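The values are calculated or read from the model by the stated rules, or taken from the named source; none is laboratory data. As the structure is a computational prediction, the values presented were derived from the model and not from experiment. With ideal geometry, Cβ positions are generated from the backbone for all residues, glycine too; neighbour counts draw on all protein chains shown. Please note that ligands, DNA and RNA were not included when accessible areas were found on the heavy atoms of the full protein model with its side chains. Shrake-Rupley method; radii C 1.70, N 1.55, O 1.52, S 1.80 Å.
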Amino acid sequence: MNKLLRDKSEVPSFGKEMEKISPFELKNRLIELADERIKKSMKMMLNAGRGNPNWTATLPREAFFTFGKFGIRECKRNFDRSDGIAGVPQKDGIAKRFEEFLEENNRTPEGKFLAQCYNYMTTEHKVNPDELVHEWAESVVGNQYPVPDRILKYTEIIIRDYLAQELCAGRPPQGEFDLFATEGGTAAMCYIFDSLEQNFLLHKGDQVALMTPVFTPYIEIPELERYKFKVTNIPADRMSEDGLHLWQYSEKAINKLRDPSYKALFVVNPSNPPSYMIDEKSVAMIVDIVKRWNPHLMIITDDVYATYVPGFQSLMAQLPHNTICVYSFSKYFGATGWRLAVAALHRDNIFDELLQRLPRKRKSELQKRYGSIRSDVENMRFIDRMVADSRQVALNHTSGLSLPQQFQMNLFALYSILDSRSGDKFREGMHEIINSRLQTLWESMGFTLLPDPTRAGYYSEIDLLVWAKKYYGEDFVDYLKFNYSPLDVVFRLATETSLVVLNGGGFDGPEWSIRVSLANLNEQDYSTIGRNIRSILENYAEKWKNSLPVEV
């Protein structure tokens with residue numbers, strides 16, 4: 001597997017050899033192959049295999065660094081030694097000093113933005129100004145452990161507002177969500193899987209459902225020896241009348257969830273790939289199933305791409321009692337390196353309810369596990385157990401996301417909240433970038449992209465068999481299936497054109513689909529990718545035609 005291909009004639013057999021590995025491990029192999037191609041030509045590698053965005057939200061970052069000056073000023077105000085050692089921010093009168101700082105910076109965009117953030121919290125939430133600014137000052141200089149460990153007091157208020165706007169279309173359900181700030185969405189995933197198992201809410205071999213295609217860790221984690229869940233896929237296999245993918249779910253597949261033996265449902269919404277949110281019909285079916293057939297179903301939804309669909313509503317809004325939601329700030333704000341995410345759980349939830357229903361023996365075991373934290377473990381909520389589990393319980397006193405990270409998360413969230421009140425300039429700009437790249441890709445392929453209000457467009461999944469059938473017929477499709485590995489396309493793109501894309505089959509999507517990220521290349525690059533995809537399909541067709549018997 002580690003040897004390089006000697007020539008492109010080895011691609012078909014090599015593709016079959018690589019079909020079983022993760023798409024993200026395959027990506028590394030494809031990068032090697034593309035790099036070899038580059039060494040032999042003047043071409044530049046185009047890597048559309050990863051969703052790391054090539055943009056940054058600048059104003060919230062500028063505000064972070066500007067406020068950092070205030071934080072350091074407050075430290076030095078406490079005491080300031082000539083050897084570079086200063087004190088820590090003090091609460092008394094800090095809001096008044098911050099207002100003076102804002103006045104000093106009132107001509108800069110970042111100064112004006114910080115003033116808007118401050119006014120938002122003091123006017124709309126009536127918070128104590130000294131407490132707010134002191135929390136922010138300690139956060140930006142990072143001189144304290146996170147207290148509360150789950151999430152800071154005012155950070156939670158801000159992020160609740162943000163999630164209500166972006167994940168609940170401004171119409172959150174009654175009651176409040178508790179939040180756990182985590183080191184990116186991947187950390188939240190790990191903590192959720194771990195705590196579900198540690199607290200006997202999921203057991204080895206339990207039946208779970210997975211809405212596919214899906215981000216590969218959701219496929220791979222349940223297969224680990226620790227979990228070994230019995231996984232049933234709910235595929236997005238609905239097709240339009242003219243044979244195009246709708247990337248939505250059939251009634252028959254969703255109705256499997258009526259069986260109460262399904263303990264959990266794992267969802268990425270909008271999907272990754274193909275980047276479509278679950279449509280209203282499917283959501284209504286899931287809601288009905290939970291309420292009438294499977295009320296104990298635990299739903300874990302990963303909604304990182306929510307901000308790319310206008311009016312998005314998460315399952316956390318529709319089924320707050322049953323849902324844990326993971327949201328990451330990485331994609332929308334170009335902040336994968338910041339590692340910023342939250343897990344959200346409604347205070348009235350099925351996870352806490354199921355903890356109360358555990359047998360006495362299990363409760364006794366959990367008393368031993370969490371007894372060093374509190375005496376009344378039975379009343380300890382699931383989200384607080386996640387915090388403890390994230391640090392192996394024994395290190396619970398040092399758990400929590402770092403304070404500078406939480407402060408930057410505040411600024412990202414407030415940026416979006418304030419943007420929604422001043423014309424949605426940032427939102428429209430983000431949507432324009434993604435949609436323009438998507439249109440360029442599909443136009444350059446010459447394929448038809450149907451208008452669809454459920455499409456996020458952060459990725460695009462292209463099923464080559466659909467277009468093979470449309471352009472050349474069923475016999476050509478049979479020829480491809482018989483003569484080539486589904487991975488042949490991604491290997492040919494790497495070895496012949498130095499383009500890196502991922503195989504959709506690795507995400508439990510159609511075997512002959514490819515997944516292109518619209519996030520990390522420039523618009524003209526997607527034109528190059530589209531033309532090369534179409535060229536490879538035409539090359540297959542030419543070989544097929546040459547293989548047909550000559551009519552006499």
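For the reader, a short list of remarks on this structure follows.
- In the stretch 508-531, the residues that are aromatic (Phe, Trp, Tyr) and touching a Ser or Thr at 6+ places or on another chain (Cβ under 6 Å): 526
- Subset of the stretch 376-404 that is touching a Gly at 6+ places or on another chain (Cβ under 9 Å) and either hydroxyl-bearing (Ser, Thr, Tyr) or not in a loop (DSSP other than H, G, I, E, B) (or both) - its residue that is farthest from residue 322 (Cα to Cα): 404
- Qualifying residue in the stretch 508-524 (condition: over 30 Å from residue 431 (Cα atoms) and part of a helix (DSSP H, G or I)): no
- Qualifying helices (runs of 4 or more DSSP H) (wholly inside the stretch 423-488; at least 3 residues being open to solvent by 20 Å² or more (accessible area, probe 1.4 Å) and β-branched (Val, Ile, Thr)): none
- Within the stretch 66-84, the set of residues being open to solvent by 80 Å² or more (accessible area, probe 1.4 Å) and either in a helix (DSSP H, G or I) or hydrophobic (A, V, I, L, M, F, W, C) (or both) comprises 69, 72, 73, 76, 77, 79.
- Qualifying positions in the stretch 522-545 - open to solvent by less than 20 Å² (accessible area, probe 1.4 Å) and either in contact (Cβ under 8 Å) with a residue 60 or more places away in the chain or among the polar types (S, T, N, Q) (or both): 526, 529, 530, 533, 537, 540, 541
- The set of residues in the stretch 513-535 that are under 24 Å from the mean Cα position of the chain (by Cα) and hydroxyl-bearing (Ser, Thr, Tyr) comprises 513, 517, 526.
- Among residues of the stretch 111-122 that are closer than 13 Å to residue 67 by Cα, none has a Cβ under 6 angstrom from a residue that is charged (D, E, K, R) at a sequence gap of 6+ or on a separate chain.
- Candidates 256, 263: the one that is assigned to a helix (DSSP H, G or I), open to solvent by 20 Å² or more (accessible area, probe 1.4 Å), at pLDDT 95 or above and farther than 30 Å from residue 154 by Cβ is 256.
- Flag if residue 270 is touching a residue at least 24 places away in the same chain (Cβ under 8 Å), more than 30 Å from residue 449 (Cα to Cα) and part of a loop (DSSP other than H, G, I, E, B): no
- Filter result for residue 161 (at pLDDT 95 or above, over 19 Å from residue 303 (Cβ atoms) and within 22 Å of the chain's Cα centre (by Cα)): no
- From the list 517, 513, the lone residue that is closer than 23 Å to residue 55 by Cβ and surrounded by 20 or more Cβ atoms within 10 Å (Cβ to Cβ) is 517.
- Every test in (1) modelled with pLDDT under 95; (2) open to solvent by 40 Å² or more (accessible area, probe 1.4 Å) is passed by residue 507 save one, and that test is (2).
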